[in-house]
Amino acid sequence: MRAAWAVAKNDLLLLRAQPVAAIITVAVPINFLILFVLFAISGGVVPVTLQAGAQGPATRAFVQALEGSSTFDVHPVSTAQQASAAIRSQNSVAAITVPADLNQALRPGGHATVDVTINNLNGDFADDIRRGLPLAVSLFYRQAAPGTLPLRWREVDSYPTTVGFLAFLAVSIQTVALLIGGLLQGGLGVAREWESGTVKELLLAPVPGWSVVLGKLMSAFLGALAGAVLVFLALLLLGVRPQAWAELIGVFVLVLIVFVSLGVGVGSALRSRNTVFPLAFGLGLPLFFISGPFAPIPWGTAAAADVARVFPVVYANAAFQHAAFGFWTLDTSVSASWLILAAWTAVALAASVWFYHRATAAR
Amino acid sequence: MQAVWALVRKDLAVWIRSPAVMAVTILPPLVLMLVLALQSVSVTSVPVALVDQDPGGQAATALLHAAEAFDGFRPQVLTPGAAQQAFARLQVAAVLTIPAGFSANLAAGRQPTLQWQVRNYATDSTNDLRRALPDVVTAFLQSGAAGKNPIGVSIAEQDVHPHDASLVSFEMIGMLALLLLQAGLINAGLAAVKEWETGSVKELLISPASPLNIIAGKVIAGVLAADITGVVLTAVTVVTGLLPAPGAAQAGIALLAMTLLATFGAGAGVALAAALRTNERMNSVSINVSLYLFFLSGGVIALAYMPAWLRLVARIIPNTYAADAFRQSLLYGSTAGTATDLLWLAVAAAAGLVVGIPALRRGLAH
C-alpha cells in the first residue's frame with residue numbers, strides 16, 4: 001500500500017512539474033461541455049421574419065400561434081425587401097407573409113393564403129418549418145375560432161415538466177467528462193512510464209505489480225476527478241439541480257473507477273501517449289453519442305442500441321439523468337443497471353491489473 | 001526556390017509515411033460525422049404507437065392511414081394493451097389513440113378528442129412530437145375524410161434552392177471545413193514541431209536555406225497536404241452520392257476556398273508550433289483550436305439558427321466563409337455569394353501568414 005501511495009504521489013508531482021500538459025488534460029472535459037453547449041444553444045427554434053398585411057385580431061392571433069408553436073423565433077418586418085435581406089444575410093431561414101384578408105379564413109367557406117419563402121438549406125431544417133406551419137395554423141383556429149375544427153386532441157405528458165434540451169444534454173456530458181478524463185488520465189500516466197523508460201525502474205523496484213497499478217489508478221482518479229468536478233460545477237451554473245445527490249455521487253465514483261481502470265489498461269497495452277490520446281476520443285465520443293444523451297436509446301436504431309447496451313456509458317447516462325431529473329430513460333431497470341455498472345467496475349479493475357502484468361511480462 | 005521545394009517534398013514525404021499524423025487529422029472530423037449521423041437518427045424519427053379504438057369507422061381508418069403515411073415519426077399500429085406496454089418499456093415515444101366512436105362523433109359534429117400520450121423528457125424530442133400531431137390532423141382534414149375541410153388557411157411555399165439537400169450532406173460540408181482547418185494546423189504545425197523534437201532544426205538552420213524559405217516550405221507542404229485530404233474527402237462524398245458532382249466553376253471555387261482555409265490553418269499551425277514545440281502539446285492544442293473554431297462558426301448548424309452574439313463571433317471565423325463557399329459550390333451548384341466568401345478567406349489566409357511567419361522566424365532565431 002505504501003508503494004501505491006508513492007507511485008500516486010510521484011504521478012501527481014509530475015502533473016505539477018508539467019503544468020501545461022496537466023491543464024490541457026484536466027481541461028478536456030470542460031472543453032467538451034463548452035463545445036456541446038455551443039452546439040445545443042443553436043438550432044432550437046427556427047428564426048423567421050413575419051410581414052403582416054394588416055394588424056387586425058386575426059393577424060395577432062396568428063402571430064401568437066406562431067410564437068406558441070415552440071418552433072419559430074418570429075422577427076416582424078415591414079417590407080418584402082427586409083425579409084429577403086434577412087434570408088440573404090443569414091439572419092433568418094424563412095419569410096412568412098400573412099395576408100391582409102386572413103380573417104376571411106375564419107368564416108365558413110372563406111380562404112386565405114399565407115406565403116412562405118424557405119431557405120431550404122437541407123431537408124431536415126426545411127421540414128421543421130413545413131411541419132411547424134400546420135401546427136401554427138391549427139393553434140390559430142383553436143384560439144381564434146374554437147369550434148371550427150371538427151376534432152380536438154389532448155396531450156397527456158408523462159412528467160409535470162419537460163426538461164430543456166441544454167440541461168438534458170449537459171447532464172450526460174458529465175459521463176463524457178468522466179469517460180474522456182478517466183481514459184486520458186489513466187492511459188497517459190501509464191504510457192509515460194514506457195515512453196520515458198521509467199517502467200524499468202518500476203519493474204526493478206521490490207514492490208508487487210498490483211501496487212503500481214493501484215498507485216496509477218489513484219493518481220489518475222484524482223486527476224480525472226478534478227476535470228469532472230469542473231464540469232459538475234459548470235452544470236450547477238447552467239441551472240441543473242440534482243434531485244438525488246446520493247445516487248449522483250454513487251454513479252460518479254463508480255463510473256470514474258471504471259474509466260480510469262480502462263485507461264490504465266489501454267495505456268499498458270498501447271504504451272504510447274500519442275496513441276492513447278486519439279483512441280480516448282475515437283472510442284469515447286461515438287460510445288457517448290450512441291448511449292442516449294439526446295433521447296432514450298430504444299428510440300434510435302436497434303443496432304446502435306444493441307452496441308450501446310454492451311458498454312457502461314449508457315447506464316451511466318441513465319443514472320445521471322435519473323439523479324438529476326427523477327426520470328429513468330432506459331429499458332433496463334434501475335437495479336439491473338446498477339448491477340451492470342458494479343460488474344463493469346470489477347471487470348475494469350481486473351483488466352487494468354491484467355494488462356499491466358501482460359505488458360510488463362512481455363518485456 | 002529550390003530550397004523551398006526541397007522542404008515541401010521532404011515534409012510531404014514525411015506526412016505520407018506518418019499514419020499517426022493522418023489519424024489525428026482525419027479522426028476528429030470522421031468521429032464527429034459518425035456521431036452526428038447517429039444523433040440525427042435518434043432524434044429526428046422516433047417510434048410512435050397508433051391505437052385505433054374505432055376499427056370499423058371510415059374516418060378513423062383515414063386518420064390511421066394519415067398517421068402511418070407521416071414521415072416525421074416511425075409509426076406502428078398496436079392494440080391498446082400492447083401500446084401501453086411499449087410505452088412503459090420505452091419502445092415508443094408516444095401513443096396516439098383514436099377513441100371508440102370517433103367516426104360517428106365526427107360525422108355528428110361532436111368534436112371527438114384524440115389522445116396524444118407523450119414521453120416528455122426533453123424539449124427537443126417532445127416538440128417534434130407536438131408538431132407531428134397537427135401535421136397528421138391537417139393531412140387527414142385535407143383528405144376530405146372528415147367532410148369539408150374547415151381550415152381555410154393554405155400555405156404557399158417557395159423554396160430558395162431547387163431541391164432540399166440531405167441533412168448528412170449539409171453536415172458533411174461543415175466537416176469538410178473542420179477537416180481542412182485541422183489538416184492545415186496539424187500538418188504545418190507538426191512538421192515544424194518535429195524539427196525541434198528530433199533536433200533537425202539545427203541542420204535546417206546551418207543549411208544555406210533562409211528562414212523565410214524554411215517557413216515557406218513548411219506552410220506550402222501543410223497547405224498541399226490539407227488540399228489533398230480535402231480533395232480526397234470531396235471525391236469520396238461525390239462517388240458515394242452524398243454530394244452532387246460539381247461543375248468546373250464550382251469545383252474551382254471549392255478548391256480555392258480549401259486552399260485559402262488551409263493557408264490560414266498552416267499559418268496558425270506554424271505559429272502554434274513555435275510556441276508549443278512538442279508533439280503532444282501541438283496535437284491537443286490544435287484539436288481544441290480547430291474544434292472551437294468549428295463550433296463557434298456554427299459547425300453543422302446554419303448561421304441563422306445561432307444566437308445573435310454567436311453570429312457575430314462566427315462572422316470573424318474563416319470556417320464560416322469556407323463552409324458557405326463549399327455549400328454554395330458543392331451542395332447547391334451555385335456561385336452566389338462565393339466572391340465575398342473567398343475575399344474573407346483570403347483576408348484570413350493573409351492574417352494567418354502574418355501571424356505565423358514572424359512567430360516561426362522568432363522561434364528559429366532562438
Checklist entry - Applying the selection to segment B:131-166, what residues are under 26 Å from the mean Cα position of the chain (by Cα) and not in a strand (DSSP E or B)? => result B:131, B:132, B:160, B:161, B:162, B:163, B:164, B:165, B:166
Next on the checklist: Can you find, within segment B:200-259, the residue that is surrounded by the most Cβ atoms within 10 Å (Cβ to Cβ) among those that are within 19 Å of residue B:186 (Cα to Cα) and hydroxyl-bearing (Ser, Thr, Tyr)?
Outcome noted: B:229
Checklist entry - Looking at residue B:304, is it farther than 30 Å from residue B:196 by Cβ, surrounded by 24 or more Cβ atoms within 10 Å (Cβ to Cβ) and without any contact (Cβ under 8 Å) to a residue 12 or more places away in the chain? => result yes
Checklist entry - Taking segment A:295-307 on its own, how many of its residues are surrounded by fewer than 23 Cβ atoms within 10 Å (Cβ to Cβ) and either more than 7 Å from every other protein chain (Cβ to nearest Cβ) or under 20 Å from residue A:32 (Cβ atoms) (or both)? => result 5
Item to check | Qualifying residues in segment A:311-341 (those that are within 14 Å of residue A:258 (Cα to Cα) and β-branched (Val, Ile, Thr)) - the one surrounded by the fewest Cβ atoms within 10 Å (Cβ to Cβ) | outcome: A:340
Checklist entry - Counting just the residues of segment A:254-284 that are within 8 Å of another protein chain (Cβ to nearest Cβ) and in contact with a Pro (Cβ under 9 Å, 6 or more places away or on another chain), which one comes out surrounded by the most Cβ atoms within 10 Å (Cβ to Cβ)? => result A:281
Checklist entry - Checking residue A:5 against (1) more than 9 Å from chain B (Cβ to nearest Cβ); (2) closer than 25 Å to residue B:313 by Cβ; (3) aromatic (Phe, Trp, Tyr), which test does it fail? => result (2)
Checklist entry - What is the residue count in segment B:110-126 for residues that are in a loop (DSSP other than H, G, I, E, B) and either more than 7 Å from every other protein chain (Cβ to nearest Cβ) or under 43 Å from the mean Cα position of the chain (by Cα) (or both)? => result 4
Checklist entry - Would you pick out the residues in segment A:52-72 that are more than 9 Å from chain B (Cβ to nearest Cβ) and either farther than 19 Å from residue B:156 by Cβ or of a type outside the set (A, V, I, L, M) (or both)? => result A:53, A:55, A:56, A:57, A:59, A:60, A:61, A:64, A:67, A:68, A:72
Item to check | Test: residue in segment B:316-329 that is more than 9 Å from every other protein chain (Cβ to nearest Cβ), outside any helix (DSSP H, G or I), surrounded by fewer than 23 Cβ atoms within 10 Å (Cβ to Cβ) and out of contact with any Ser or Thr (no Cβ under 6 Å at 6 or more places or on another chain) | outcome: yes
Checklist entry - Say we look at segment B:40-89 and pick out the residues that are within 12 Å of chain A (Cβ to nearest Cβ) and of a type in the set (Ser, Thr, Tyr); which of these is surrounded by the fewest Cβ atoms within 10 Å (Cβ to Cβ)? => result B:45
Item to check | Residues (facing chain B (nearest Cβ under 7 Å) and under 26 Å from residue A:57 (Cβ atoms)) located in segment A:74-103 | outcome: A:92
Checklist outcome for this item: Taking first residues from segment B:1-17 that are closer than 9 Å to residue B:221 by Cβ and second residues anywhere that are hydrophobic (A, V, I, L, M, F, W, C), the pairs with Cβ under 6 Å that are 6 or more apart or on different chains are B:8/B:220; B:8/B:221; B:11/B:191; B:11/B:221; B:12/B:221; B:15/B:225
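Rundown of residues vs (1) of a type in the set (Ser, Thr, Tyr); (2) part of a helix (DSSP H, G or I); (3) out of contact with any Leu (no Cβ under 9 Å at 6 or more places or on another chain); (4) modelled with pLDDT of 90 or more, yes/no style:
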| site | (1), (2), (3), (4) |
| --- | --- |
| A:170 | no, yes, no, no |
| A:174 | no, yes, no, no |
| A:177 | no, yes, no, no |
| A:210 | no, yes, yes, no |
| A:214 | no, yes, yes, yes |
| A:221 | no, yes, no, yes |
| A:224 | no, yes, no, no |
| A:231 | no, yes, no, no |
Checklist entry - Within segment B:43-103, which strands (runs of 3 or more DSSP E) (wholly inside it) include 2 or more residues that are at positive phi? => result none
Next on the checklist: Being at the interface with chain A (Cβ under 7 Å from one of its Cβ atoms) and either in contact with a strand residue (DSSP E or B) (Cβ under 8 Å, 6 or more places away or on another chain) or surrounded by fewer than 24 Cβ atoms within 10 Å (Cβ to Cβ) (or both) is true for just one of B:167, B:129. Which residue is that?
Outcome noted: B:167
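The values are calculated or read from the model by the stated rules, or taken from the named source; none is laboratory data. Given the structure is predicted, the values throughout are model-derived calculations rather than measurements. Cβ sites come from the backbone with ideal geometry, for glycine too, and all protein chains shown count toward neighbours.
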